[in-house]
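Peer 1: Can you read through this structure? Questions will come right after.
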Amino acid sequence: MANKNKFYAVKVGNQPGIYQTWAECQGHVNHFAGAIYKAFHLRAEAEAWMAGETAPSPAKAATTSGNSGDKGKKRMMSPDVEDESSWDVVYSDGASKRNGQPGAVAGVGVWWGENDSRNLAERCPGDQTNNRAELIAILRILETTPHSKRPLLIKSDSIYSINCFKSWIAGWIKRNWFNTAGEPVKNAPLIRYISAQLDARARRGQKVRLQHVKGHSGQVGNEGADQMANKGCFEPSTPERDWAQLEAELRARLEVEFQGPDVPTPAPLEVQADVDDIAVVDIAESPTKMRKTSVVEKPKSKTSAPAKPTSSLNPVPRAETQASPSKAATPPISADDWAQYADGLLDDDDLLAELND
């Protein structure tokens, strides 16, 4: 008997989207010439497939390679435990009503703590999709949080956003921002601008960690960010921002600030998971020179609101929307040790079993 707990992704059909029953999926692919669809056990896998990439396989071994002198050698990652009191901790989330359908609305949520003035509930600019809202929520944290020497821990329940910077970006850069199917990467200008924001913090000496948390699991911070994102869905619509121009302007400012070009060097972004299905990374040689990665540290969970940043360093402007002529953007910097997970999607036999069930 086929597993009933599946998600059906319709990439090409009457109404592209992700559906929870075969009956819904069938209604969008029947009598549609050239329909493309697939069933998955996990929603994250379905979202990754819709984005044109493969999701990480939960069954893959937990390994990482060392520096360029140890190519091919692998070791297990052993997270250290660290007290979150030394970090600025913030949650991000994105929401979309009628995602992938006409009339969809999407919201962006940022949650620092109960009644914290830094909390954000905003409408997603441009296309109203859940994945874009998740990415922009992370971006808004980077845009609105003052730069500090105190490390920043961003918690997100979006596996798509995690994988953009953990598993896929190195391959995208290598293929000049085309995915493995030879198609342009979705949300590429936005992802590149987020990468530039991370680079800025790295050059100014701030450590940033992106950590995956389970959604709707009762975590106060995740639930708070979810509420903010859903509230943002009902805010007035906002126009799309020029991500490429924003990236170019930010990199130009960094060149002036550091009196030299924004030479690609790996930003010390750490990606961490506290769930089994993406707890580790399988690393291969990246487009840039390899270096030994630091051990991923897992902070202890705390429910108290984090201390506000106290640094006097100048923050990145809250919303950099002014466009001005600028030179072409320098290609974004990737976390140089990331590589793509093996395909963890269902095979045709599984789908056939579902159809015949």
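No value in this document is a laboratory result; all are computed from the given coordinates. Everything numeric in this text was worked out from a predicted model, so none of it was measured. Here Cβ is always computed from backbone atoms with ideal geometry, including for glycine, and neighbour counts include all displayed protein chains.
Peer 1: Loop only per DSSP, at most 15 neighbouring Cβ atoms within 10 Å: give me the trypsin sites (Lys or Arg not before Pro) in the stretch 162-214, ordered by residue number.
Peer 2: Passing sites in the stretch 162-214 are R175, K214.
Peer 1: For a quick check: sort D226, D127 by the number of other beta carbons within 10 angstrom, fewest at the front.
Peer 2: D127, D226
Peer 1: What FRET efficiency would be calculated for the residue pair A35, D116, taking the C-beta separation as r and a Förster radius of 35 Å, to the nearest 0.05?
Peer 2: Approximately 0.15, to the nearest 0.05.
Peer 1: With each pseudo-label sitting 7 Å past Cα toward Cβ, what's the N5-T180 distance in nm, one decimal?
Peer 2: 2.5 nm
Peer 1: Same structure again: Neighbouring Cβ atoms within 10 Å as the yardstick, rank H41, H31, H212 fewest first.
Peer 2: Neighbour counts put them in this order, fewest first: H31, H41, H212.
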